Amino acid sequence: MSLIQEYTTAIIENLPEWNHSGAKDNADIQTEIRMFREATSKIDTSLDSDTQLKLLSEIISKYVPDNHVSIKDGKGTNLKQFPFLRKKENLASQNLNGIKDINSIQVQEEKEPWIIGTIPSERLGVVSIPSFGGDIKEQAQKRKQFVETFFQQKEKNRWQNIIFDFRGNTGGDSEIIKGIAERMSDNPIKYADKSEKVNTVATQKKRKEGHPLIDTLKEASHYSPSAQSDKFSGSVYILQDEYNASASEGAIYMLSQLPKSVTIGENTSGTFAGGATASLPMSYGSLIIGTEYRERYDKKGNKIKEKEGMHPDIQCSSEKAFSKALDMIGSRSRFLTSEMVKSL
């Protein structure tokens, strides 16, 4: 078996989107598999291994409906072209004028801090999380501190609105957002509308490794509010951009289930359908591929498409998303004040 055949077979046999319970009876999926196989068969196997894998990586990008899939060459270099080198756009790296009671928590040493602050004039909470990455076990105490600080500040400053800024956040683990959202709503929050562990070699490897997070966000029990003050009935504004992927898309999706939520900015990257990745060693290089199939639907009931991403409720450039949220909050406040005057 050639190197390309080895990778092609591994992808077809392990890709969650092609191996979930309804895949065999889905004609569109079978067509995708056939087209992928035909495309990889055209790679010249007389080329050196690195060149073959680079060509395969391009085919994966075009034909495989899963943004999590990637290849590492013999040196361990990921051949996927990640569009994540960009100008910093998150509030954590901007001027925070007007924001008071700033709590800056350095959750990841190599990243910008996570921030919780308040704009008193609007009774507005501002939450900035530039990344969910890193070693979750090492971050456990700081993440717990962040959650408790969030609820303390919400109560202390009597927030009526909250902005969650995820711009530039490319993923990691967003389980704390499930906890925050459930405590705020006093209702269960879904990480996906459908989630299914596929029976593949990659999944078996994940289980043998004893990975503690597989299906955690799907199966985690409901977080009951620790106090009545945890609940929040105000408006939630969620800032998103094209760099949001995987767990950050999960965070946006979970907060979007709150009754008064509005997403603002750009389409997300569309990287969620095949999550909980595992690394499969190959005869040369390795394959990164998911172990869990996921489906999500937007507020209108439309299926969210991988590689297309989540459409915001309010479309605008990511650079203008924060000011757009402030404008909406200000307009709403002026409207409510006007209505109160009319009722006198």
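Only the coordinates and a few stated rules stand behind these numbers; no lab work does. Predicted, not measured: the structure shown is a model, and the values here were computed from it. Methodologically, a virtual Cβ is constructed for each residue, glycine included, from the backbone with ideal geometry; neighbour enumeration extends over all protein chains shown.
Tell me, in nm to one decimal, what length is gained between K24 and N302 on full extension, where the rule is 0.36 nm per residue of separation less the Cα-Cα distance? Intermediate results must be reported in sequence, preceding the final value.
Values: separation 278, 0.36 × 278 = 100.08 nm, distance 2.29 nm.
Length gained, K24 through N302: 97.8 nm.
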Report, in debye and to the nearest 20, how large the dipole of region 119-203 comes out about its Cα centre when Lys and Arg carry +1 and Asp and Glu carry -1 on their Cβ.
160
Of the candidates K208, K142, K305, which one comes out as most mobile in a Gaussian network treatment of the chain with C-alpha springs shorter than 10 Å?
K208
With the chain treated as a Gaussian network of Cα nodes joined by springs under 10 Å, which of V127, V147, V198 yields the largest mean-square fluctuation?
V147
Selected from L3, G330, M35, residue furthest toward positive end of dipole (the chain; charges at beta carbon):
G330
List, in order, the whole-Hz ³J(HN,Hα) value for each residue of region 158-164 obtained from phi through the Karplus relation with A = 6.51, B = -1.76, C = 1.60 and θ = phi - 60°; use x for Gly and Pro.
6, 4, 10, 9, 9, 9, 9
Out of S256, S195, S283, any idea which swings most in a Gaussian network model of the chain, alpha carbons joined below 10 Å?
S283
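Within the chain, which is the longest segment containing none of the GluC sites (Glu not before Pro) that sit in a DSSP loop and have at most 15 other Cβ atoms within 10 Å?
Numbers: sites that count: E109, E110, E209, E308.
Result for the longest clean stretch: 1-108.
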Charge dipole of the chain built from unit charges on the beta carbon (Lys, Arg +1; Asp, Glu -1), centred at mean Cα; most positive-end Cα among S70, N14, A140 is A140
For V147 and M328, what does the FRET efficiency come to when R0 = 22 Å and r is the distance between their Cβ atoms, rounded to the nearest 0.05?
0.25
Pop out the ³J(HN,Hα) list for region 310-323 in order, Karplus 6.51 cos²θ - 1.76 cosθ + 1.60 with θ = phi - 60°, rounded to Hz; leave Gly and Pro as x.
8, 7, x, 5, 10, 8, 6, 5, 4, 5, 9, 5, 5, 5
Residue by residue, what Karplus-based ³J(HN,Hα) values in Hz, rounded to whole numbers, does region 137-144 have, using 6.51, -1.76 and 1.60 with θ = phi - 60° and x for Gly and Pro?
5, 5, 8, 3, 5, 5, 5, 4
Counting sequence-distant residues (5 or more places) and residues on other chains, those with an amide H built under 5 Å from that of K194 are E295
When the dipole is taken about the Cα centre of the chain, and only Lys, Arg (+1) and Asp, Glu (-1) are charged at their Cβ, what size is it in debye, to the nearest 20?
840
Please work out how much length the chain gains when fully extended from K231 to K62, using 0.36 nm per residue of separation minus the C-alpha to C-alpha distance, in nm with one decimal.
56.4 nm
By how many nm would the segment from R158 to E13 grow when fully extended, if each residue of separation counts as 0.36 nm and the alpha-carbon distance is taken off?
47.0 nm
